[in-house]
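Please find one structure pasted underneath; my questions will follow.
Rule-based calculations on the coordinates, nothing more; no lab input. What you see is a predicted model; the values in this text were computed from it and never measured. Every residue, glycine among them, receives a Cβ derived from its backbone with ideal geometry; neighbour counts consider all protein chains shown.
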Amino acid sequence: MCNCGNKRNSYAQQSYKLSNDVVNEERTKKMWADIYFEYTGNTGLTVTGSVTGKKYRFNLPGDIQVIDYRDASGMMAVPVLKSIKTTR
């Protein structure tokens, strides 16, 4: 049987990056900054992000939450939420 110059051994010794590693790296990289939203309603509110699926909980009127920039466009459609500029 031909060993073909130990190519099999050199191939087996290579390190590989698992697809989960790539996904985790993509999660840490963000294209834009997250956006702060203030709740202006009278009671509590829970909203689910349309892109990330993350649940955002506003407990009281005036409560401020950081919203992932990917979910922000959907949050702008909620009448009791307003985006705010903050220096945090």
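Calculate, in nm to one decimal, what LYS29 and LYS54 gain on full extension: separation in residues at 0.36 nm each, minus their alpha carbon distance.
Numbers: separation 25, 0.36 × 25 = 9.00 nm, distance 1.73 nm.
Gain in length upon complete extension: 7.3 nm.
Could you rank the peptides 68-79, 46-57 by their average count of other C-beta atoms within 10 Å per residue, with the highest value first?
Details: 68-79: 14.9, 46-57: 13.0.
Ranking the peptides 68-79, 46-57 by packing returns 68-79, 46-57.
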